[in-house]
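K.L.:
The structure under discussion is supplied below as structure tokens; questions concerning it will follow.
The values are calculated or read from the model by the stated rules, or taken from the named source; none is laboratory data. Keep in mind it's a predicted model, so treat the numbers as computed, not measured. Cβ sites come from the backbone with ideal geometry, for glycine too, and all protein chains shown count toward neighbours. Areas reflect the complete protein model, heavy atoms only, side chains present, ligands, DNA and RNA absent. Shrake-Rupley method; radii C 1.70, N 1.55, O 1.52, S 1.80 Å.
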Amino acid sequence: MKNLRLKSARAAMDLSQQQLADAVGVSRQTINAIEKGDYNPTIKLCIAICRTLGKTLDDLFWE
């Protein structure tokens, strides 16, 4: 399932996929795959993304 909440939160902070990827230490392709629902990130990566975007795990990853 696509992660539109992640994409929306990233866009709201005016960050590109590359900028978010650089901030959390992964490739742009990884961020793209998470947003498309093709990759299930580790909890460590989820937390890093949440911290960077100022969101909680519930906000971005849990339904």
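K.L.:
What shape does the chain take by its C-alpha gyration tensor, where a ≥ b ≥ c are the square roots of the eigenvalues and a/c under 1.5 counts as rounded, a/b above b/c as prolate, and the rest as oblate?
P.N.:
Judged from the Cα gyration tensor, the chain comes out rounded (a/c under 1.5).
K.L.:
I've got another one for you. Return the calculated 222 nm mean residue ellipticity for the chain, to the nearest 500 deg cm²/dmol, obtained by summing -39500 (n - 2.57) across DSSP H runs with n ≥ 4 and dividing by the residue count.
P.N.:
-17500 deg cm²/dmol
K.L.:
Hey, another quick one. How much accessible area per residue does the chain have, counting only protein heavy atoms and a probe of 1.4 Å, in square angstrom?
P.N.:
That works out to 64 Å² for each residue.
K.L.:
State, to one decimal in nm, how far the label point of LYS36 lies from the label point of ASP22, with both points 7 Å from Cα in the Cβ direction.
P.N.:
Placing both labels 7 Å along Cα→Cβ, they lie 2.3 nm apart.
K.L.:
Right, another one. Only loop residues by DSSP count here, and only those with at most 10 other Cβ atoms within 10 Å; note down the chymotrypsin sites (Phe, Trp or Tyr not before Pro) in the chain that meet that.
P.N.:
TRP62
K.L.:
Could you look at the chain and say what percent of its accessible area is carbon and sulfur, using a 1.4 Å probe and all protein chains?
P.N.:
That share works out to 50 percent.
K.L.:
Let me ask another. Under the Karplus relation 6.51 cos²θ - 1.76 cosθ + 1.60, θ = phi - 60°, what is the ordered set of whole-Hz ³J(HN,Hα) values for the range 34-51, x standing for Gly and Pro?
P.N.:
Taking θ as phi minus 60°, the curve returns 5, 5, 7, x, 8, 9, 9, x, 5, 4, 4, 5, 4, 5, 4, 5, 4, 4 Hz for the range 34-51.
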